[in-house]
Amino acid sequence: MAKIIVITSGKGGVGKTTTSAAISTGLAKRGYKTVVIDFDVGLRNLDLIMGCERRVVYDFVNVIKEEANLNQALIKDKRVDNLYILPASQTRDKDALDIEGVQRVIDDLAKDFAYIICDSPAGIEKGAMMAMYFADEAIVVTNPEVSSVRDSDRVLGILASKTKRAEENQDPVKESLLLTRYSPERVEKGEMLSVEDVKDILAIPLLGVIPESESVLQASNSGQPVILDEESDAGKAYEDAVGRLLGDEVPHRFLEVEKKGFFGRLFRG
Amino acid sequence: MNLLDFFRANKKKSASVAKGRLQVIIAQQRAEVGGPDYLRAMQEEILAVVKKYVSVGDDAVKVQMEKAGECEILELNITLPDSVDKE
């Protein structure tokens, strides 16, 4: 049975698509057949982050409207086996998504895939609701910043009340926190909410902390999921998060300031 | 605490300000969003009824829904003014 994971946040620009690309690539690298769906109809971006924008012919909405079949719309990743992308439509709007249509596509994918990753649009409108509705698990992407944390809390409320699992009184959607753009230096100076602060407020388990890193922009510039940049801190942190998602005990890294230079070394303790 | 922190200790760190603000706003958000939709309308009607008999401010009536296990508790708080004029 496929596991359906939504990547959500409420607020825009916190790293949902970067995370969707990284997590799906990480799962596929470990041998799980994975599909990542872009629910941001009208503002698609996952194709760019995955570097397959020139290969989009049919999209998610075409499949929902039965204008194309799944095999025509799915794009097979050229770098990683077992990884497929289902792009959003760029020309329609979110009303093109309807619950029966999305259900049908997800049911079809579930026959063939181990993981279905749903990349949610920002906001709590229709596209975001659809991305969340069928989820078994939710990764709530949050920046250590007041508006992002508040929006994440709002999304947690929706996950607990408006999803299929909630409506059918099944076990609740399993929620976890992914803190992105984290800067240990600023936390140490008292300028940024710490991991513990955000965990205290949102009260959900921590899946991972992705440090602020230049490699994220470089990855998106070149259309490579950042997890493939195995030298970068962000890539390593995503790799750890994928391990935890699969149930491994992986210690958290990149939470402390790296001590550099003479004085740093002298006083490290 | 190092020497630098000692000199900075007087100024409240912005991260702790952020945390305090978030704790307040999120508690409020959870109370509002968690409750059923009719709570606000009911609150207004109760306030209108109270106002018919006692002169109170617009924030005199507080309605809150809480969950305790299987049981839902509706908490209603009406604050009357300190001295009610006797006729």
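The values are calculated or read from the model by the stated rules, or taken from the named source; none is laboratory data. None of the values given here were measured: they were computed from a predicted structure. Don't worry about glycine lacking a Cβ; one is built from the backbone with ideal geometry, like all the others, and counts go over all protein chains shown. The protein model used for the area step is the full one, side chains on, heavy atoms only, and it has no ligands, DNA or RNA in it. Shrake-Rupley method; radii C 1.70, N 1.55, O 1.52, S 1.80 Å.
Keeping to segment A:201-216, report how many residues are within 14 Å of another protein chain (Cβ to nearest Cβ) and free of Cβ contacts under 8 Å to residues at least 40 places away in the same chain.
Qualifying residue count for the region: 1.
List the helices (runs of 4 or more DSSP H) inside segment A:1-103, counting only whole elements, that have at least 1 residues being touching a residue at least 60 places away in the same chain (Cβ under 8 Å) and within 20 Å of the chain's Cα centre (by Cα).
Answer list for segment A:1-103: A:16-29, A:46-50.
Name every residue in segment A:207-224 that is in contact with an Asp or Glu (Cβ under 7 Å, 6 or more places away or on another chain) and within 27 Å of A:Lys174 (Cα to Cα), in order of residue number.
A:Gly208, A:Pro211
Collect the residues in segment A:157-186 that are of a type outside the set (A, V, I, L, M) and closer than 30 Å to A:Asp233 by Cβ, keeping them in residue-number order.
Listed by number, the residues that qualify are A:Lys174, A:Glu175, A:Ser176, A:Thr180, A:Arg181, A:Tyr182, A:Ser183, A:Pro184, A:Glu185, A:Arg186.
List every residue pair whose Cβ atoms lie under 7 Å apart, where the two residues are 6 or more positions apart in sequence or sit on different chains, the first residue falls within segment A:106-128 and is closer than 14 Å to A:Ala28 by Cβ, and the second residue, located anywhere, is among the aromatic types (Phe, Trp, Tyr) and surrounded by fewer than 21 Cβ atoms within 10 Å (Cβ to Cβ).
A:Ala114/A:Tyr32; A:Tyr115/A:Tyr32
Only one of A:Leu255, A:Leu159, A:Leu217 is of a type in the set (A, V, I, L, M, F, W, C) and open to solvent by less than 50 Å² (accessible area, probe 1.4 Å); which?
Going through A:Leu255, A:Leu159, A:Leu217 in turn, the sole match is A:Leu159.
So which residues in segment B:8-29 are at pLDDT 60 or above, more than 7 Å from every other protein chain (Cβ to nearest Cβ) and open to solvent by 100 Å² or more (accessible area, probe 1.4 Å), if there are any at all?
Listed by number, the residues that qualify are B:Lys11, B:Lys12.
Residues being closer than 25 Å to B:Ser14 by Cβ and surrounded by fewer than 20 Cβ atoms within 10 Å (Cβ to Cβ): count how many of those fall in segment A:162-177.
The first filter runs over segment A:162-177 and keeps only residues closer than 25 Å to B:Ser14 by Cβ, leaving A:177.
Now restrict to residues that are surrounded by fewer than 20 Cβ atoms within 10 Å (Cβ to Cβ): none.
Here the count works out to 0.
Yes or no: segment A:19-39 includes at least one residue that is under 21 Å from A:Tyr133 (Cβ atoms) and open to solvent by 10 Å² or more (accessible area, probe 1.4 Å).
no
Please go through segment A:178-200 and pick out each residue that is within 14 Å of chain B (Cβ to nearest Cβ), open to solvent by less than 50 Å² (accessible area, probe 1.4 Å) and in contact (Cβ under 8 Å) with a residue 12 or more places away in the chain.
A:Leu179, A:Tyr182, A:Ser183, A:Pro184, A:Val187, A:Met192, A:Leu193, A:Ser194, A:Val195, A:Asp197, A:Val198
Collect the residues in segment A:159-170 that are under 22 Å from A:Lys199 (Cβ atoms) and either more than 13 Å from chain B (Cβ to nearest Cβ) or modelled with pLDDT of 95 or more (or both), keeping them in residue-number order.
Passing the criteria: only A:Leu159.
Going by what's in this entry, would A:Val209 be described as open to solvent by less than 50 Å² (accessible area, probe 1.4 Å), farther than 29 Å from A:Thr34 by Cβ and either part of a strand (DSSP E or B) or modelled with pLDDT under 95 (or both)? Even if it seems obvious, please write down each step before you answer.
On the way: open to solvent by less than 50 Å² (accessible area, probe 1.4 Å): yes; farther than 29 Å from A:Thr34 by Cβ: no; either part of a strand (DSSP E or B) or modelled with pLDDT under 95 (or both): yes.
It is false that A:Val209 is open to solvent by less than 50 Å² (accessible area, probe 1.4 Å), farther than 29 Å from A:Thr34 by Cβ and either part of a strand (DSSP E or B) or modelled with pLDDT under 95 (or both).
Which one is nearest to A:Leu177 (Cα to Cα), of the residues in segment A:111-156 that are open to solvent by 10 Å² or more (accessible area, probe 1.4 Å), among the aliphatic types (A, V, I, L, M) and within 10 Å of chain B (Cβ to nearest Cβ)?
Within segment A:111-156, the match that is nearest to A:Leu177 (Cα to Cα) is A:Leu156.
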